[in-house]
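What follows is one structure encoded as structure tokens, with my remarks underneath.
The values are calculated or read from the model by the stated rules, or taken from the named source; none is laboratory data. The model shown is predicted, which means the values in this text are computed figures rather than measured ones. Virtual Cβ from ideal backbone geometry, glycine too; neighbours counted across all protein chains shown. The accessibility values were calculated without ligands, DNA or RNA, using every heavy atom of the protein model including side chains. Shrake-Rupley method; radii C 1.70, N 1.55, O 1.52, S 1.80 Å.
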Amino acid sequence: MALHCSVCIAGSGLAGLASAQTKTDERTLVVLGDSLSAEYGLSRGQGWVALLEQRLAEQKLPQGRRYRVINASISGDTTAGGRARLATLLKLHQPAVLIIELGGNDALRGLPLANSRENLLAMVRAGKAAGAKVQLLGMQVPPNYGASYGREFAGLFSEVAKAEKVALTPFLLAGFAERPDAQDWFQADRIHPLAKAHPLMLDQVWPVLKPLL
């Protein structure tokens, strides 16, 4: 556990103004995640990031603003891996918005939560320092990890978001992971959501993301 036009008005002093008003404001949104965002086990275009890209293309955003989505998610990635990759991504893409979806693999591998917290903080701070608006996507672990560990792990994301004053989606898999028929929403490994669950994942991300756009 990846758009410009201008208007020329001949003989008019308003040509520059018209061009400025109709030129598309294109920005970049980077998703830094793991297999939950990398379409693991899905056909291309079925994951929530691809669905987000489609939704952004359909939205009427202020001042003709449009977003190019870069899905920089890698299956199996950890917060340490994301932290190591982030500087290059920020320099290359200069995103206006950075969505961080990492941490689940830290828990699966039993990595120290203190390290996960430090990595999340470092990534959020790096994104902010680069001028990006940051959204953090929270994760939870199954009950068999124990109530105490579960609370501490879930709390990582809210703690970091509160400390750095960034947007938070508390639980990316909310809406189906807690259902009585949750097993029907996951692939055979019971970790990765089926394609039908990804629109619900986008529904968790979108209300928090939209004000950042």
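Checking each residue in the range 47-105 for being out of contact with any Lys or Arg (no Cβ under 9 Å at 6 or more places or on another chain), at pLDDT 95 or above and basic (Lys, Arg) picks out Arg55, Arg83, Arg85, Lys91.
Can you name every residue in the range 25-41 that is open to solvent by less than 20 Å² (accessible area, probe 1.4 Å) and either not aliphatic (A, V, I, L, M) or not in a strand (DSSP E or B) (or both)?
Within the range 25-41, Thr28, Gly33, Asp34, Ser35, Leu36, Ser37 meet the criteria.
Within the range 160-188, the set of residues being within 18 Å of the chain's Cα centre (by Cα) and in a helix (DSSP H, G or I) comprises Val160, Ala161, Lys162, Glu164.
Within the range 96-110, residues that are farther than 9 Å from Gln135 by Cα have Cβ atoms under 6 Å from residues that are modelled with pLDDT under 95 and not in a helix (DSSP H, G or I) in these pairs: Gly104/Met1; Asn105/Met1; Ala107/Val141; Leu108/Met1, counting only partners at least 6 apart in sequence or on another chain. For Arg151, the test of being surrounded by fewer than 17 Cβ atoms within 10 Å (Cβ to Cβ), part of a helix (DSSP H, G or I) and not hydroxyl-bearing (Ser, Thr, Tyr) is passed. For Leu173, are the conditions met, namely being open to solvent by less than 50 Å² (accessible area, probe 1.4 Å), within 30 Å of Arg66 (Cβ to Cβ) and touching a strand residue (DSSP E or B) at 6+ places or on another chain (Cβ under 8 Å)? Yes. Scanning the range 144-181 for residues that are within 25 Å of Ala197 (Cβ to Cβ) and acidic (Asp, Glu) yields a total of 2.
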